[in-house]
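The values are calculated or read from the model by the stated rules, or taken from the named source; none is laboratory data. Everything quoted here is computed from the prediction, not taken from an experiment. Here the Cβ positions follow ideal geometry from the backbone for every residue, glycine too, while neighbour counts run over all protein chains shown. Quick note on the areas: whole protein, heavy atoms, side chains included, nothing else; ligands and nucleic acids left out. Shrake-Rupley method; radii C 1.70, N 1.55, O 1.52, S 1.80 Å.
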Amino acid sequence: MKFAYKFSNLLGAFYRHGNLCFSKDGNSAISPVGNRISVFDLKNNKSETLPASTTKNISCLGISPDGNLAILIDEDGAAILVSLVTRAVLHHHHFHSPVHSVSFSPDGRKFVITKENVALMYHAPGRNREFNAFALDKSYYGPFDETTCIDWTDDSKCFAVGSKDMTTWIFGAERWANLIYYSLGGHKDIIVGCFFENDSLDMYTVSQEGTLCVWESDTELEGLRKEGESNEDDDVEDIVGEDGETRGDVIKGSADTPKQVEGIKNVRYSQRSKHYFNKAGDFNKLTAAAFHKKTHILVTGFASGAFHLHELPEFDLIHSLRAQQYAVLCCNALFLSCVKGLGQLLVWEWQSESYVFKQQGHFNNMNSLAYSPDGQYLVTGGDDGKVKVWNTNSGLCFVTFTEHSSGVTNVAFTSSGFVVVSASLDGTVRAFDLHRYRNFRTMTSPRPAQFSSLAVDSSGELVCAGSQDSFEIFLWSMQTGRLLEVLSGHEGPVSNLCFSPVQSVLASVSWDKTVRLWDMLDSWQTKETLRLTSDGLAVTYRPDGQELAVASLDGEITFWTPQTGGQTGSIAGRHDLQMGRKETEKITAKQSAKGKSFTSLCYSADGESILAGGQSKFVCIYNIKEHVLMKKFEISCNLSLDAMEEFLDRRKMTEFGSLSLVDEGTGDGDGVELSLPGVKRGDMSSRRFIPEIRVSSLCFSPTGRSWAAASTEGLLIYSLDASLVFDPYDLDMDVTPASIRQQMKKKEWASAILLSFRLNEMPLIREVLEAVPYDQITVVCSSLPDVYVDKLLNFVASTLEKSNHLQFYLSWAQCLLTLHGQKLKNRSGAVLPTVQQLLKSIQRHSDDLSKLCDWNIYNIRYAAALSKQRGMKRTAAESLSDEEEEEEEEYLK
């Protein structure tokens, strides 16, 4: 169970390529993230990345109308069918060439993909289990250049395909006698979007130069006539495969008008009107378009970052705005998504003119990460100079600090969990307050220095940073921000720092092949010097402070006892890295791996295992006692990243070298690149850059239930999912669900709990626990054996995080800790992760309830003040009327 960590979420990576989709109810946005997809819940403000992944970056995705299925297609045309309900991959398929777009029919029975100049219609996967879930129905030819977009009629009878040859083709999904194919022109640039009117064959086409054409059909959808069974048409052929089986029909469009069936008039289109968007030259090129059929609203996005909302068919401008200085690549008629440039995902609700959702990851590499003491938050620092704090429950970034002017090399939380400290290459160490979200302390060195490492002691009073140019360690006071001491002694750059969790001892590792232990209580003197066999790269303490792990340049992890300075063991981990071969390297991956090593280390919460990662796609977890590799986690299988494959692809090798090293011009792309002055076909100085896969930082959650890795793809989180693992304890033939429920009927609560934990099925344990009467909790807790106390406490801690029975499970936790507190304290090392998870759950519920209570108190006070004010007005009015009556009586007298 300890090594059953599964991929849980991916943070800090947002939309970069492909089409973005919204769910049917509009509450969720589904975005491609590299070779995975993320679901952003706009209503509950949460983010989740699905574990299913393709072999390369996703180029397009399609969502079924019921929202249960998704088709993900990568850059090479390899597709996977994913269930959005179970998160499982249902089918693999390869289209053998890049796919430009995919779209399900509104009835969910068919879907169309476009590749090159052909549109392929498949039967959509249904409830029946089939050997081939993608069965080809028809192939449609007509465009002379690559296809760009697809749209369906509301009844799924016809679909339209836009092309780069400036034409739009309309095809019948079935064999209609009066509509086999139809071609529309009228544009002078690439077709960006084509849209059918609501319950009609009328069309709107939008091109890249900013032209909108409105097309009117002389036939309604009900006027489409089906062909007779015996009819043979020259435009429709059967395609027969090599095995002789009919695989579908081929419909070939041409410039000529289709043959007219006797007695049936063919569908014809006429251009009703033509409209032009704001002309601002090549800089304001139209890049995205979407149409909402029910409200007749057309949304268009431009390379300058501008949005336009028009009501069709009159082309009345409703709204226009400018979100960012980046191109709009995807939009929806209800929400606008501005995504381009710095990896930003922006959702704009046009009716209220406000942001619904805004997230942005690190633009450059993510260098470091750290968990908060309660495990609720993660802080990351990147080469873009930003410090971001993430909520592990929602998966979203809730605050970004931009005070650093250069790359952030290391970040850390203080023991209170409310202060984040970061070190940067700009020569500053900054402390940020998570209450007021401000930079309240800035620490600098007497001489300019670039800080490459950082450490904060357990009390949060001392801050240390190591320099990579002066080989010194600088020590500051958190309270005053004053420089206390400069620790000298290393003869090379200081690569890593770590404070002991139980003592005021600082461990520093350097390229001079030494680890130095500095005593903070004894005039900051060197307490011990540990000699390494190679340059030191990373150092970390065990959670109990009784062991020190050091990673060196020769690929070894050595373990030391800090008190005596003696080495207790070592692990040779160079062969476990399994490096890939980069496209520019002249040597093989096997030879390249000899010079690689681990650059990040992290102990597990119980101190029994250690995580190690470096310039590789693997993260290794070792058992410290046995010094053996327990498991390797492959953090990515994305071949769009460099150094992923062990061998180079010989098919890409030519007499001039590898094809992957040949620069591709950006002039024929999507036209989004911001060009230099005078350049009209893109920036010819731009070069293609492939990021290399690497793990820059690792960190275990204090709860022990998850760990995180900062990698090239983003912030990956792996966690334990106990509900999917059957792990019985002391099981025999008599332990069955029936016998457990029999004990519940007899009201033998303690016996039922013991049997349920022996079977170890989480729903059954929950059923038994919630059946125990509230007044019997203390009696049951007092009769539990010690071995089951830990299991029950662990279950309560994990269930409390999601359960609505707050007081009930808090009573269980209170009774367990009160009755068995002393015994739990004796084995605190094993119980500590469970207690920290319990604290995390309680803190989260406390925050939620305090907000609700504060809101209720405010409403009550407001209502009381309102009633008091009305009472005062009523009293004043009554007194005024009394005075008037007295004056009237005096006047009468």
(request) Quick one: which residues, 5 or more positions from ILE318 or on another chain, have an amide H under 5 Å from its amide H? H modelled 1.01 Å from N in the peptide plane, none for Pro or chain starts. (result) LEU309, HIS310, GLU311
(message) Can you give me the solvent accessible area of SER495 with a 1.4 Å probe, rounded to the nearest 10 Å²?
(response) 30
(request) Report Rg (one decimal) and Dmax (nearest whole number) for the stretch 738-810, counting Cα atoms only, units Å. (result) 11.4, 30
(message) Under 24 Å between alpha carbons, and skipping anything fewer than 8 positions from LYS747 in its own chain: which lysines qualify?
(response) LYS791
(request) Using label points projected 7 Å from each Cα along Cα→Cβ, tell me how many nm separate ALA864 and ASN623, to one decimal. (result) 6.3
(message) Tell me the accessible surface of LEU184 in square angstrom (1.4 angstrom probe, heavy atoms of protein chains only), to the nearest ten.
(response) 10
(request) Find how much the distance from ASP544 to HIS92 grows on full extension, using 0.36 nm per residue of separation minus their present alpha carbon separation; answer in nm with one decimal. (result) 158.0 nm
(request) Starting from the amide H of ALA78, placed 1.01 Å from N in the peptide plane, find each other amide H under 5 Å away whose residue is 5 or more places distant or on another chain. (result) PHE95
(message) Through the Karplus equation 6.51 cos²θ - 1.76 cosθ + 1.60, θ set to phi - 60°, convert the phi angles of the stretch 138-152 into ³J(HN,Hα) values in whole Hz; use x for Gly and Pro.
(response) 8, 10, 10, 10, x, x, 9, 10, 5, 7, 10, 8, 9, 8, 10
(message) Are there any chymotrypsin sites (Phe, Trp or Tyr not before Pro) in the stretch 404-491 that are in a DSSP loop and have at most 12 other Cβ atoms within 10 Å? List them by number.
(response) TYR437
(request) Determine the dipole magnitude for the stretch 793-893: charges of +1 sit on the beta-carbon of Lys and Arg, -1 on that of Asp and Glu, nothing else is charged, the reference point is the Cα centre, and the result goes in debye to the nearest 20. (result) 1980
(request) Take the Cα gyration tensor of the stretch 1-88, multiply each eigenvalue by 5, square-root it, and list the three semi-axes largest first, rounded to whole angstrom. (result) 19, 17, 13
(message) Quick query: amide H of SER495 versus all other amide H atoms, modeled in the peptide plane; which residues come in under 5 Å with a sequence gap of 5 or more or a different chain?
(response) VAL509, SER510, TRP511
(request) Give the ranking of LYS274, LYS527, LYS43, LYS388 by solvent-accessible surface, highest area first, calculated with a 1.4 Å probe. (result) LYS43, LYS527, LYS274, LYS388
(request) Excluding residues fewer than 8 places away in the same chain, name every one of the lysines whose C-alpha is closer than 26 Å to that of LYS582. (result) LYS56, LYS590, LYS594, LYS596, LYS617, LYS631, LYS632, LYS652
(message) With every atom except the alpha carbons ignored, what do you get for Rg and Dmax of the stretch 773-879, in angstroms?
(response) 22.3, 75
(message) Report the per residue volume, in Å³, of the convex hull enclosing the C-alpha atoms of the stretch 384-462.
(response) 96
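Label the stretch 448-571 by shape, choosing from rounded, prolate and oblate, from the square roots a ≥ b ≥ c of the eigenvalues of the Cα gyration tensor; if a/c is under 1.5 it is rounded, and otherwise prolate applies when a/b is larger than b/c, oblate when it is not.
Details: a/c = 1.94, a/b = 1.30, b/c = 1.50.
Note, shape of the stretch 448-571 comes out oblate.
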(message) Cut-off under 27 Å on the C-alpha distance; same-chain residues fewer than 8 positions from LYS851 excluded. Which lysines are left, in chain and number order?
(response) LYS43, LYS46, LYS358, LYS388, LYS802, LYS840, LYS868
(request) Pop out the ³J(HN,Hα) list for the stretch 165-179 in order, Karplus 6.51 cos²θ - 1.76 cosθ + 1.60 with θ = phi - 60°, rounded to Hz; leave Gly and Pro as x. (result) 7, 6, 10, 10, 10, 10, 10, x, 5, 10, 7, 8, 6, 9, 8
(request) Take the alpha-carbon positions of the stretch 433-485, form their convex hull, and give its projected area averaged over all directions (one quarter of the hull surface) in nm². (result) 4.1
(request) Provide the per-residue ³J(HN,Hα) series for the stretch 869-878, in order, calculated from phi with Karplus coefficients 6.51, -1.76, 1.60 and θ = phi - 60°, each as a whole number of Hz, with x at glycine and proline positions. (result) 5, 5, x, 5, 5, 5, 5, 5, 5, 5
